[in-house]
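The values are calculated or read from the model by the stated rules, or taken from the named source; none is laboratory data. Owing to the predicted nature of the structure, the values given are computational and were not obtained by experimental measurement. Positions of Cβ are backbone-derived with ideal geometry, glycine not excepted, and every protein chain shown enters the neighbour counts.
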Amino acid sequence: MSTPRRQFVKAAAAAVATSSFPILGANDRVQVGIVGLGGRGLNHVDYYNAIENARITAVCDVNQAARERAVTRISQKKGYKPAEYVDMRKLFESKDVDAVSLPLPNHWHALATIWACQAGKDVYVEKPASHNMFESRQMVAAARKYKRMVQVGSQSRSVEHKIKAVQMLRDGAIGQVFGARALCFRRRFSIGHTPDEPVPAGVDWDKFLGPAQMKPYSLNKFEYNWHWFWDTGNGDIGNQGVHEMDIALWGLGRNDWPKTVMSSGGKFIWKDDQETPNTQQASFTWEDGNMTFDVRNLPTPPEALAAMTGPNYVGNIFFGDLGFLLLDSHGYQVYKSAAGNYVGARGAGAGGREHYEKVAEFKTNNDQAIPHMRNFLECVKSRDYTKLTAEIEIGAHSASFCHMANIAYRLGRVLKVDANGRFAGDDEANAMQTRNYRAPYVVPAQV
């Protein structure tokens, strides 16, 4: 291992290890408010309960039953009850809250983050950072203007083995890296049809819809399945897939925009309420490389040498001129190309027997979220946003790649992208970078 690489890995390990963060006194704890208390919200409750320098002082949800579950969970674990809110703006005004955690539906991420920044709160916002490309830009602008720490829930950026794998790519482990393939194979099932019905008691439907247009309540539009409606979600490419999108861009070292984007697929087999595709392929091309993305919710076999765990596989493959690297939550594998003994008249590429040798492997089963939240809380104390491992500019950029793919899919054509992330000569595509907001839930043009 080279000296720079050894230093990088040592520093990365220290950055994510529990022991690297000071155990703060009770008076120095970061007081956290959690907004959004569904399944992922309860995960956030458990994570912050497990971190010694965090104290959950407030919770908020439009669903009374969700608030009650969260309060009970905190009370049983910590012996106190946090304040309860229906309106997140009231929570943001609280002097008992230093930072907020936002495991909200996608369509709320940007406006909630901007409101929190304006109220002087630091923000941990779940992935994808934004619901559309305009929101990505506005979230970065708000973080800078109000000097807030804004961390996106792309927790892979705080995982030691993924940090190490990306550094191996930088160090030339597979030669010159020219491409990446992101895989999001998550077996899901049809959501069926649920009828419009009266809003359940204890649910504020207006606040749930927020920036989205008003529509009748139905169960599919509310609990989790909001992911599969364009008004509130971004399909699986923006749900699970954004993790792999972020890792692909990270590994490629790309913080610029591609020259072209294309995407195809569809919603096959299922006859139900879902609007987003259950099969989608996307391709992003630069002058010096490319990235592809494959999303599938239907049965899928293992591909390449990627390990298959049950019906699901999510991960990334990086391609270089000397080999390839496989990376997922279970570890990484590095393979290098090796020609056989026979060399034909035109060289090994024409007549040789090429095979691949595994030159490095690492397996793990570590927790990915808590180190990421620890990184956020440490930056809340230090006030140095450059130390955030998935700072909003990073997370918003990765989310925008998911949005570009969805725009190309919905329009059914190749899109050309300029250096500013706009679609060249395509007013229709550019109009889809934002949405028709519903007052008063409007993401402002000036934050």
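So the values come out like this:
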item	result
Single condition LYS221 does not satisfy, out of (1) in contact with a Ser or Thr (Cβ under 6 Å, 6 or more places away or on another chain); (2) among the charged types (D, E, K, R); (3) crowded, with 21+ Cβ neighbours inside 10 Å	(1)
Matching residues in segment 318-354 - criterion: being exposed (fewer than 13 other Cβ atoms within 10 Å of the Cβ) and either within 26 Å of ARG254 (Cα to Cα) or at pLDDT 80 or above (or both)	ASP321
Residue identified as assigned to a loop (DSSP other than H, G, I, E, B) and either assigned by TED's automatic domain parsing to the domain that holds THR285 or touching a residue at least 60 places away in the same chain (Cβ under 8 Å) (or both) among ARG374, ARG413	ARG413
Any hit, segment 193-200, residues being among the aliphatic types (A, V, I, L, M), without any contact (Cβ under 8 Å) to a residue 40 or more places away in the chain and in a loop (DSSP other than H, G, I, E, B)	yes
From the options GLN151, GLN176, GLN138, GLN155, residue that is surrounded by fewer than 21 Cβ atoms within 10 Å (Cβ to Cβ) and either under 24 Å from TYR47 (Cβ atoms) or touching a residue at least 60 places away in the same chain (Cβ under 8 Å) (or both)	GLN176
Flag if ALA58 is assigned to a strand (DSSP E or B), touching a Leu at 6+ places or on another chain (Cβ under 7 Å) and modelled with pLDDT of 95 or more	yes
Matching residues in segment 263-305 - criterion: being among the small types (Gly, Ala, Ser) and either under 16 Å from ARG181 (Cα atoms) or without any contact (Cβ under 8 Å) to a residue 12 or more places away in the chain (or both)	SER263, SER264, ALA282, SER283, GLY289, ALA304
Members of segment 77-97 that are in a loop (DSSP other than H, G, I, E, B) and either at pLDDT below 95 or not aliphatic (A, V, I, L, M) (or both)	GLY79, TYR80, LYS81, PRO82, ASP87, SER94, LYS95, ASP96
Failed item in (1) surrounded by 16 or more Cβ atoms within 10 Å (Cβ to Cβ); (2) touching a residue at least 24 places away in the same chain (Cβ under 8 Å), with ASN255 passing the rest	(1)
Close pairs (7 angstrom Cβ cut-off, 6 or more residues apart or separate chains): on the phi > 0 side of the Ramachandran plot in segment 225-239, part of a loop (DSSP other than H, G, I, E, B) anywhere	GLY235/THR276; GLY235/PRO277
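Okay, residues lined up against (1) within 30 Å of ALA173 (Cα to Cα); (2) at pLDDT below 95; (3) among the aromatic types (Phe, Trp, Tyr); (4) assigned to a strand (DSSP E or B):
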position: ASP206; (1), (2), (3), (4): no, no, no, no
position: GLN213; (1), (2), (3), (4): no, no, no, no
position: PRO258; (1), (2), (3), (4): yes, no, no, no
position: MET291; (1), (2), (3), (4): yes, no, no, yes
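Yes/no per residue for (1) among the polar types (S, T, N, Q); (2) in a helix (DSSP H, G or I); (3) surrounded by fewer than 17 Cβ atoms within 10 Å (Cβ to Cβ):
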{"position": "ASN234", "(1), (2), (3)": "yes, no, no"}
{"position": "ILE237", "(1), (2), (3)": "no, no, no"}
{"position": "VAL242", "(1), (2), (3)": "no, yes, no"}
{"position": "ASP246", "(1), (2), (3)": "no, yes, no"}
{"position": "LEU249", "(1), (2), (3)": "no, yes, no"}
{"position": "MET262", "(1), (2), (3)": "no, no, no"}
{"position": "GLU275", "(1), (2), (3)": "no, no, yes"}
{"position": "GLN280", "(1), (2), (3)": "yes, no, no"}
{"position": "THR300", "(1), (2), (3)": "yes, no, no"}
